[in-house]
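To start, the structure itself, in structure tokens.
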Amino acid sequence: MLIKQQLLAALASGLLPISEAREDIIGFFSQLTSSSEERQPKAAQSADVDNAFGADSAFLLWIAEAVAGSRSAAEQCLIDARSISRERSGLFADWLAQWARSATLNQAIWHAHEEISAAARRYEQSRCPHGGHVAPTLDEIRELSELPPQELVHSLDPFVRTVALMRGVSHCALQDCAIRLGTTRSAVAVACCEFDRWKHSRMNASRDAATRQ
Ligand SMILES: [Zn+2]
């Protein structure tokens, strides 16, 4: 039953969107129907939490700075996310890398929520005429993290940055983003549109610079 408790705790916390937990849910129900004794998941200890945050600290700091807007705020978000995770029971060691990313992102959203909400309001009367903007993958966000976070901060407003990272890092659906950020699904869609527009122009600029060299 350890899997069930941990899965439900992660889903209830909002840190693990249902879309992301699909394989774990399938695994859980498969285990219910299995007569053999499968490997039991390992409950995370404080040291496991520290290792997960330490192993990916540069990327976690980048995520936090891209949302919170400053290095000092990002450092505090990372400290707080690790501290909250160390105190939390029911974490599953195999999920800690994803947990660390989502917990850090959540702390940064909490830190910057006023700026994010203010920026979101500017999108609530707009519409994306295209639809179907594909979420960035985690690998794409890692590639993006080769840019200084301040480039994103100066190019995109807090709402667009947050939506892009919620989708790419925590695999949130548009509706998940809207609920978490207290705005409309269509505002989130416009933020996706804005992020894609920036990403394509940034990639074209990089290609042009590479061609000139
Ligand atoms: Zn669009």
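Derivation of every value follows stated rules applied to the coordinates shown; laboratory data play no part. Keep in mind that this is a model prediction, so the values were computed, not measured. Here Cβ is always computed from backbone atoms with ideal geometry, including for glycine, and neighbour counts include all displayed protein chains.
Tabulated results
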quantity	calculated
Fewest-first sequence of D157, D50 by Cβ atoms within 10 Å of each Cβ	D50, D157
For T183, T211, order by how many other beta-carbon atoms lie within 10 Å, fewest first	T211, T183
Residue-span extension gain [R202 to I84] - 0.36 nm each, minus C-alpha spacing	38.9 nm
Chain lengthening between D94 and S186 when straightened (0.36 nm per residue, less Cα-Cα)	29.7 nm
Pair T211, E115: separation of 7 Å Cα→Cβ label points (nm)	3.5
Ranked list, fewest to most other Cβ atoms within 10 Å of each Cβ, for F195, F59	F59, F195
